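Some notes on the structure that comes next.
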Amino acid sequence: MDKYKNEVVERFGTTDAYKEYESRTLGYTKADFQNTTEDLDLVLGKFAECKAQGNTPDSAQAQAIVMELKDFITQNFYTCTDEILKGLGAMYAADVRFKNNIDKHGSGSAEFISKAIEIYI
């Protein structure tokens, strides 16, 4: 998290979502951040499992995981609007750092998530 903090502040620091994030995570300990990050990774891994089971991004299963992802972000960080979710989906596939991290669950997972979010929106 610290590694990318300056970039995040530069890109999103003036947004309401970032301000909400700062407020909501103010009391988070290092362990809280680690646990939340691990839990988010589990949600992202569900997309890979869904894909591996032969589901498509428009399947009911994939769409349910998109809703789970959106709810997770809202419950733990900031209100995840459809607009924000759309941006995250695009970033997951376009930013090699996100893509590589997500694809550790299975090749093509980031693209699968991005497409599932696009369909959801």
Notebook entry, point to check: Given only helices, namely DSSP H runs of n ≥ 4 each adding -39500 (n - 2.57), what is the per-residue ellipticity at 222 nm of the chain, to the nearest 500 deg cm²/dmol?
Noted result: -24000 deg cm²/dmol
Margin query: Suppose every Lys and Arg Cβ carries +1 and every Asp and Glu Cβ carries -1, with no other charges. What dipole size does the stretch 36-115 come out with about its Cα centre, to the nearest 20 debye?
Written below: 200
Notebook entry, point to check: For the chain, treating each Cα as an identical point scatterer without solvent, what Debye log10 I(q)/I(0) comes out at q = 0.11, 0.20, 0.22 1/Å?
Noted result: -0.36, -1.20, -1.41
Check: When every alpha-carbon pair in the stretch 66-121 is counted, what percent end up more than 19 Å apart?
Finding: 24
Notebook entry, point to check: Are any of the pairs Lys19/Lys51; Lys30/Lys70; Lys70/Lys104; Lys30/Lys51 more than 28 Å apart by Cα-Cα distance, and if so, which?
Noted result: Lys19/Lys51; Lys30/Lys51
Next item on the list: Between beta-carbons, use under 10 Å as the cut-off and find the net charge around Ser114, counting Lys and Arg +1, Asp and Glu -1.
Entry: +1
Notebook entry, point to check: Relative contact order of the chain: what whole-number percent is it, with Cα pairs under 8 angstrom and at least 6 residues apart?
Noted result: 28
Checklist line | Crossing angle, helix 109-120 versus the chain [Cα axis fit, 0-90 degrees, rounded to tens] | finding: 90
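Every number here is computed from the coordinates shown, using simple stated rules; none is lab data. Owing to the predicted nature of the structure, the values given are computational and were not obtained by experimental measurement. Glycine gets a Cβ as well: all are built from the backbone with ideal geometry, and neighbour counts include every protein chain shown.
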